[in-house]
Each structure stands twice: as C-alpha cells, then as structure tokens.
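**Q** Quick one: the structure is below, and I'll ask about it shortly.
The values are calculated or read from the model by the stated rules, or taken from the named source; none is laboratory data. Worth saying up front: this structure is predicted, and the values here are computed from it rather than measured. Please note: Cβ atoms are built from the backbone with ideal geometry, for glycine as well, and neighbour counts cover all protein chains shown.
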C-alpha cells in the first residue's frame, strides 16, 4: 500500500467517489489530490486533497475531500492520505494546515487541534459556513502545525497489512439462515423449483 499523486485519468474515479461519499467537490482539480493504492492489486483505496486559498494576507492551506472506500476503512489508509497531504503542504512552504470537518477525533489523533470559528482566517470562516450549509452540518475548524503531525504506530502497522475487506452480503441474500424465518431448508421448495 502506498500514497501517490493523482493522475489526470483518475478524474472520473475521484468525482464518482467524492459524490458517493458526499464530500466537497468545490473547485475540483484532480492534480490537487493524492490517492492511496494497493501495490499488489493496483486497487485504489482512498484519496484526499490539498486546497490553497489566496487571501490579501497571503495563502492558506486546507486539507479537504478526504475519503476512504468502505472496504479499506479502519486500516490506516486515511491517516496515510493525510500524511502525504501534510508533506505536500510542507513542500509548498506552509507551516500550518487547516481542515473543516466533523471527524475531529480522527484528525486529533494525528496532531490537529480545534479552532473556534471566530479564530479562523476569514476565507476559511466563509468556507466553513458554506460547508455546514451544503455538505457537513457538524463541520468545525481544525488546525495542524505541520511539524506537529504525528502518525500513531498502530495506524502505520495497519497500513502495512491493509487488505480490502469483503463487502457486506448482496441485497438479494439474507445474512440470517433460512431457519430463522421458519423455513425447513431440507424440504422447502423455491419459486422456480419445478419438482422434476
């Protein structure tokens, strides 16, 4: 498993998953994204974006649209996506990055801390209001001093062993055995059983 910059040809894949996860696609540019990829299968597992905001006082860096596919969750994929985004921000000369999210506990384990709305730069206060109104009503501001980023060892280890989990059972199949519905599986006949 590794995290790399997104490629232009992944634009449709990114947009599809951003929409499916109800993430922020505002001012979408595929070149702003990174993608987590399984090196064995080349299957994409997660993604995230760095967004630079120009203001009268300089530039701000926001991490946004961070998503992990259902079968890859709880395996450190999101943390490694964030790590790569923080590295990009540092390479661009940013000492701090912001995120506007409802996933505060998740980001706190990586070194982010909460910021009161009134203490956010004006551009991010506007973004937070828009995000709360359109995408994520529970979003709050968080900030990370880039040098304070910390990857918990447990997430690093999970990422090394990450494998896609099986999807939940198909809609047409029941997780409960037939006996739970009073059906004798030994003698039952089914809709298309012709008895011949």
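**Q** Pick from 76, 102: which is under 24 Å from residue 138 (Cα atoms), surrounded by 19 or more Cβ atoms within 10 Å (Cβ to Cβ) and touching a residue at least 24 places away in the same chain (Cβ under 8 Å)?
**A** Values: 102 fails: surrounded by 19 or more Cβ atoms within 10 Å (Cβ to Cβ).
Exactly one of 76, 102 is under 24 Å from residue 138 (Cα atoms), surrounded by 19 or more Cβ atoms within 10 Å (Cβ to Cβ) and touching a residue at least 24 places away in the same chain (Cβ under 8 Å), namely 76.
One line per residue, one yes/no per condition, for (1) over 13 Å from the mean Cα position of the chain (by Cα); (2) outside any strand (DSSP E or B); (3) in contact (Cβ under 8 Å) with a residue 12 or more places away in the chain; (4) under 25 Å from residue 155 (Cα atoms):
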| site | (1), (2), (3), (4) |
| --- | --- |
| 4 | yes, no, yes, yes |
| 11 | yes, yes, yes, no |
| 14 | no, yes, yes, yes |
| 36 | no, no, yes, yes |
| 48 | no, no, yes, yes |
| 52 | yes, no, yes, no |
| 61 | yes, no, yes, yes |
| 66 | no, no, yes, yes |
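Residue-wise test of (1) assigned to a helix (DSSP H, G or I); (2) surrounded by fewer than 19 Cβ atoms within 10 Å (Cβ to Cβ); (3) in contact (Cβ under 8 Å) with a residue 60 or more places away in the chain.
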residue: 131; (1), (2), (3): yes, no, yes
residue: 147; (1), (2), (3): yes, yes, no
residue: 157; (1), (2), (3): yes, yes, yes
residue: 164; (1), (2), (3): no, yes, yes
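**Q** Right, something else. Looking at (1) outside any strand (DSSP E or B); (2) at pLDDT 90 or above; (3) surrounded by fewer than 20 Cβ atoms within 10 Å (Cβ to Cβ), find the lone condition where residue 28 falls short.
**A** Only one criterion is unmet by residue 28, namely (2).
For (1) modelled with pLDDT under 90; (2) out of contact with any strand residue (DSSP E or B) (no Cβ under 7 Å at 6 or more places or on another chain); (3) surrounded by 15 or more Cβ atoms within 10 Å (Cβ to Cβ), each residue gets a yes or a no:
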{"position": "82", "(1), (2), (3)": "no, no, yes"}
{"position": "88", "(1), (2), (3)": "no, no, yes"}
{"position": "93", "(1), (2), (3)": "no, yes, no"}
{"position": "97", "(1), (2), (3)": "no, no, yes"}
{"position": "114", "(1), (2), (3)": "no, no, no"}
{"position": "120", "(1), (2), (3)": "no, no, yes"}
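**Q** Every residue in the range 109-120 that is in contact (Cβ under 8 Å) with a residue 12 or more places away in the chain and either under 12 Å from the mean Cα position of the chain (by Cα) or closer than 19 Å to residue 136 by Cα (or both), please. Before the answer, list the steps.
**A** Pass one, the range 109-120, residues in contact (Cβ under 8 Å) with a residue 12 or more places away in the chain: 109-117, 119-120.
Once the filter is applied, which keeps residues that are in contact (Cβ under 8 Å) with a residue 12 or more places away in the chain and either under 12 Å from the mean Cα position of the chain (by Cα) or closer than 19 Å to residue 136 by Cα (or both), the range 109-120 yields 112, 113, 114, 115, 116, 117, 120.
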